Every structure is written in structure tokens, then in C-alpha cells.
Amino acid sequence: MTLRLTALPRRYCVVRLDAAGPLPAWFSLAGPLSCVCRTADELSLLSPEEDVPAHVPGERGLRAFKVAGPLDFTETGILAAIAGPLGEAEIPIFALSTFETDYILVPARRFDEAAQLLSERFELSP
């Protein structure tokens, strides 16, 4: 499988809020990468870290890799191919899929290590 990944420059934060709660006023979908996902159990937000107020608890300091797309729905094993080597190195991930591509976020403190591992298997652009 030939995948091309791009390292995104910003830091991101994932926030978990009450499932029935409204979107907070500070949250915007105008960022370079942002996401809202509501389930019966939670409301999860992904936002550029600088947009999340300091008092809001969340997983901060995440860096992202973007899989070059568009990816076809018939393609299989993409996330597994990326998550596998990162899992073997015990690098935690937060995965996000859109209609056309996938994003993998890792702790910023492990980003260089993750980039090295992924560059050994895939084409990686800084």
C-alpha cells in the first residue's frame, strides 16, 4: 500500500463535553482542522489548541498527520497500516476520518518518533 502523509504544523486539542450540551461559543469550524461528533454518550470536539480556553479540560498537545486523498471507500486497511507501527511503538493515536481522507493525531512529545516510524513505510511530507 502506497500512502502519502503530510505532517500538519499546528497543535490540536480533543475535548469531551456533555452529550446534551450545546456547542461552546469558543468552538469554530473555521479552523484548518476541526471536528464535532455527538453520540448518545458524549459531545467530542477537535480544535486547534490555541482556540480552546485554558480552563476547558481536554487532551492537549496533539499533532496531526493527514493521509493524502481522496481515498475511495473501497480502499481497506489504511488506518490499520498507520496505527500498527505506532501501536507497536506504544504511541497512542486519535484517528479521524472524513469523506475523503483520514487524520491521525499523536501526542506532540512523540511526534518526531511517529514521523520517523511512518517515513520508513510511507511517503511523508513535512
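The values are calculated or read from the model by the stated rules, or taken from the named source; none is laboratory data. Everything quoted here is computed from the prediction, not taken from an experiment. Positions of Cβ are generated from backbone atoms using ideal geometry, with glycine treated the same way; all protein chains shown enter the neighbour counts. Only protein heavy atoms, including side chains, enter the accessible area calculation; ligands, DNA and RNA are left aside. Shrake-Rupley method; radii C 1.70, N 1.55, O 1.52, S 1.80 Å.
Annotations for the structure displayed:
- Overall, the anisotropy analysis places the range 55-126 in the oblate class: the square-rooted eigenvalues a ≥ b ≥ c of its C-alpha gyration tensor yield a/c not less than 1.5, with a/b not exceeding b/c.
- By the helix-only formula, in which each DSSP H run with n ≥ 4 contributes -39500 (n - 2.57) and the sum is divided by residues, the chain has a 222 nm mean residue ellipticity of -4500 deg cm²/dmol.
- Stretch gain in nm, segment F94-S28, where the contour uses 0.36 nm per residue and the Cα spacing is subtracted: 21.8 nm
- Rounded to the nearest 10 Å², the accessible area of L124 at probe 1.4 Å: 50
- Positive-end residue, the chain charge dipole about Cα centroid, Cβ charges, pick of L124, A83, P24: P24
- The length gained on full extension between T74 and R38, counted as 0.36 nm times the residue separation minus their Cα-Cα distance, comes to 10.4 nm.
- Sparse packing (at most 13 other Cβ atoms within 10 Å of the Cβ) combined with a DSSP loop state is found for none of the trypsin sites (Lys or Arg not before Pro) in the range 94-126.
- Length-normalised contact order of the range 1-72 in % [C-alpha pairs under 8 Å, at least 6 apart]: 48
- Summing +1 for each Lys or Arg and -1 for each Asp or Glu among the other residues whose beta-carbon sits under 14 angstrom from that of D102 gives -1.
- Sparsely packed GluC sites (Glu not before Pro) within the range 30-126, loop by DSSP, other Cβ within 10 Å at most 16: E42, E75, E90, E100, E120
- Restricting the chymotrypsin sites (Phe, Trp or Tyr not before Pro) of the range 1-73 to loop positions (DSSP other than H, G, I, E, B) with no more than 12 neighbouring Cβ atoms within 10 Å leaves W26, F73.
- Per-pair calculated FRET efficiency, R0 = 41 Å: E113 and A20 via Cβ, rounded to 0.05: 0.60
- Residues whose amide H lies under 5 Å from that of T101, counting only those 5 or more places away or on a different chain, are L71; hydrogens are built 1.01 Å from N in the peptide plane.
- Nearest-ten-degree value, helix 78-88 long axis tilted from longest Cα axis of the chain: 90
- Protein heavy-atom surface of the range 2-126, 1.4 angstrom probe: 53% of the accessible area is carbon and sulfur, with nucleic acids and ligands not counted.
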